[in-house]
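Report on the following structure.
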Amino acid sequence: MREITYTEAAREALAEQMAVDPSIFVVGEGIGERGGNFNTTLGLYEKYGPMRLRDTPIVERGFVGLCAGAAMTGSRPVVDFMFIDFILDSMGELLNQISKIQYMSSGRIKMPIVLRGCIGIGGAAATHHSGSYYPLFVHIPGFRVATPSNPYDAKGLLKTALTGDDPVLFLEHKLLLNRRGPVPEAEYALPFGQAAVIREGSDATVVALAVMAPKVLDVCDELAKDRLDIEVIDPRTLAPLDMATILESVGKTGRLLIADETFGPCGIGAEISAQVMEQGFDDLDAPIARLNGVHTPTPYSPSLESAIIPDNAAIEKAIRDLVAE
Amino acid sequence: MANDRTASGSEPLVALYRMMVLIRRTEEQLARAHQMGLVPGPCHTYVGEEAIATGVCANLRADDVVFSTHRGHGHALAKGVSPRAVAAELMGKATGCSQGRGGSMHLFAPEIGLMGTSGIVGPSILQGAGAGYSFKLLGSDQVSVAFFGDGAVSNGAFHEGLNMAAIWDLPVIFVCEDNMYATEVAFRDATRVQDVAQRVRASYDMAAVRVDGNDVLAVRQAAEEAVARARSGDGPSLIDCKTYRTRPHAEGMRDGGYRTAEEMAAWKQRDPIAAHAAWLIEAGHASAADLEAIEAEATTTVNDAIEFARSSPFPDPATAADFIFSAGA
Ligand SMILES: Cc1ncc(C[n+]2csc(CCOP(=O)(O)OP(=O)(O)O)c2C)c(N)n1
Ligand SMILES: [Mg+2]
């Protein structure tokens, strides 16, 4: 199968849907002729022009609110935030309007809007360009949240986002954007709420989010040499969250680690942990473990930046500790 | 009987009166229902400001859309939502226009273009602009109207929304209802430039007029021009309507300390309904008896609406979390 990058895969999904659905338009800063800071829209402006690839003034609240009104009246907006940190300027429109209007209108108004941007720590981007924020959106009823970890998932999940009628946060970790992977040329889409078991094993289960998925896989390949047989699950979407796959795996292994670069407190690991406690307590042979980035704004200096993200050594230690419990 | 030509020429003018009276009677009855404890949540009435929604919506088609505010009963009624559906929603009933999920500040009837009243000051401006973007993108000649108060004019949504509508020539009509106060904060204390139209012309190069918001014919005229401009692809407009609310900010709220009895009395002299009634009679479009009949009809309609709302069932508690996502019913 051909291999393309994460960004190319996501762009292919957007291009394919824009070709068949004239109600799709993209807004953002530099997504027109320039093709996007992260090449998310490269080559599309030439085909579709300014009405569908709309460069905006720097008005995150404004264009998110505008896109809400557009989504309510027959369009399918894609908001390209570039860095997801900029979404914070539009929180009222998101949490008070976009997530609630389908509900308040008792389902008579749809809200098909995709909110995309790159997340995560890396490249000395410092604290205004390194956020992930997905636990905030998972907490609020009314959002779908996708965190693809490879090109295949990126394309398949974006296709689903662009054909559904709900608001979707589509979050692309910046260290994944140039990674290559197999992507079929035939049309496909991946349903939300379906985790992928990306490595089978019987000694312990690791749930690995976004950038942690390839990192955990690398570590598990090393651990296999010591005859440690680890199962790895990538939830792919955090809302809806596929707890059934996680519970089934824990039923098999009896041990669970959740590896997530974002903050621990009130995070995805806390939520998964609570649900396993409620629904799978009897399957557990050891306390559930979490591995998170340090609960701090992101520092700039490489020596500080690397100190706050879980590296391969930290992942290996967390898994060995869990298995030894 | 008047001859046919007079009758057909008069009817739209009389219809403005009919709508204003319907809004006034509905608001009075809702205020009473609120006092009686039949409205479990907040209730901001539109009493004194009826000419604005009436004059604007008289120019709209059913497929044009309206984005409204916390003070939105008048906009809903003028867009065609029935008094029954409004009253039932305020009482939290399953027959309400939002099936009991919204209340006064979240009235929805998208099938006739009421895209929501809102509990948050500002977003109506942005969403109104967004509907305009949709219509332009999809090649439709529909137009979008965003209502908002003077309180929204200093909010960032105003600047961002009007600027985007201007640079992209969106088919939107922005209607500012300047009733001089945002709750108890006077507009004169919230801005150095109370002439909103002047500010909008200067800042956004947008067509903008200032009108007497208590003169339904003036509002209708300004809106007719703005709607024609939007529908023909010539971009957005702002109508800056000067008006006054003669009841408290919300029912049950203390109304003292920020405005004087003299000011209130002076504005009550400028009641938009009485003014239009006098004009209709003087210009020969209706007789006093015609107008009395209209009032009686409105009273009957609104009494029926209140009775309908009172006797309607509450929503089934099992449906409390329905409709969060598009697939979920
Ligand atoms: C963002 C936001 N802040 C505060 C409020 C509380 N609030 C409700 S109505 C209102 C005043 C609004 O004044 P204006 O826009 O002039 O409308 P009016 O009530 O005069 O019709 C305020 C401050 C709110 N609803 N939204
Ligand atoms: Mg006001």
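The values are calculated or read from the model by the stated rules, or taken from the named source; none is laboratory data. Predicted, not measured: the structure shown is a model, and the values here were computed from it. Here Cβ is always computed from backbone atoms with ideal geometry, including for glycine, and neighbour counts include all displayed protein chains. Ligands, DNA and RNA are excluded from the accessible area calculation, which covers all protein heavy atoms including side chains. Shrake-Rupley method; radii C 1.70, N 1.55, O 1.52, S 1.80 Å.
Structure above, values below:
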quantity	calculated
Selected from A:L94, A:L158, A:L228 as most flexible by GNM, with chain A as the system and alpha-carbon contacts under 10 Å	A:L228
Share, in percent, of DSSP beta bridges within the protein assembly as shown that are antiparallel, nearest 5	15
Segment B:30-94 versus segment B:306-329: alpha-carbon centroid distance in Å	19
Segment B:154-221: trypsin sites (Lys or Arg not before Pro) falling in loop per DSSP and having at most 10 other Cβ within 10 Å	B:R192
Descending semi-axes in Å of segment A:247-301, equivalent ellipsoid built from Cα gyration tensor	27, 10, 7
Neighbouring partner chain Cβ atoms per residue of B:159-166, average, 10 Å criterion	4
Rg/Rg_ref, segment A:166-325, where Rg_ref = 2.2 N^0.38 Å and atoms are Cα	1.04
Angstrom value of the Kirkwood radius, inverse mean 1/r, which spans all Cα pairs in chain A	20.2
Sulfur and carbon atoms: percent of accessible area, the protein assembly as shown [1.4 Å]	53
Most positive-pole-ward Cα, A:H295, A:T245, A:G267, against dipole of segment A:235-300 from beta carbon charges	A:H295
Cross-link partners of A:K317 among aspartates and glutamates (Cα-Cα below 13 Å; sequence separation of 8 or more within a chain)	A:E222, A:E325
Choice from B:G132, B:G213, B:G80 showing the highest fluctuation, given a GNM over chain B with Cα pairs closer than 10 Å	B:G80
Positive-end residue, the protein assembly as shown charge dipole about Cα centroid, Cβ charges, pick of A:G49, A:M111, B:G233	B:G233
Shielding of B:92-101 by partner chains, average beta-carbon count, 10 Å	2
Taking the convex hull of Cα positions in the protein assembly as shown, its mean projected area over all directions (nm²)	33.0
CD proxy at 222 nm, helix term only [per DSSP H run n ≥ 4: -39500 (n - 2.57); per residue of chain A; nearest 500]	-10500 deg cm²/dmol
Computed FRET value (nearest 0.05) for B:R18 with A:A186, which takes r as the C-beta separation and R₀ as 51 Å	0.25
Ranked packing of A:68-75, B:25-32, B:180-187, B:51-58, most packed first, by mean Cβ within 10 Å	B:51-58, A:68-75, B:25-32, B:180-187
Convex hull of Cα atoms in segment A:41-107, direction-averaged projection (nm²)	5.1
Separation between Cα centres of segment A:13-79 and segment B:156-184, rounded to whole Å	23
Average partner coverage of A:82-90, which counts Cβ from other chains inside 10 Å	0
At 0.692 mPa s and 37 °C, Stokes diffusion of segment B:11-310 via Kirkwood alpha-carbon radius, µm² per second	172
Cα centroid of segment B:205-253 to Cα centroid of segment A:144-222, whole Å	50
Equivalent ellipsoid, segment B:99-224 (semi-axes from 5 times Cα gyration tensor eigenvalues, Å)	22, 20, 15
Per-selection Kirkwood Rh - segment A:3-182 (Cα, Å, 1 d.p.)	16.1
Per-pair calculated FRET efficiency, R0 = 41 Å: B:R310 and A:C266 via Cβ, rounded to 0.05	0.40
Those lysines that a straight Cα-Cα span of less than 30 Å connects to A:K159, excepting residues fewer than 8 apart in one chain	A:K47, A:K100, A:K110, A:K174, A:K215, B:K136
For the protein assembly as shown, accessible area per residue (1.4 Å probe, heavy atoms of protein chains only), Å²	38
FRET efficiency, B:T183 to B:A283 (Cβ-Cβ, R0 45 Å, nearest 0.05)	0.75
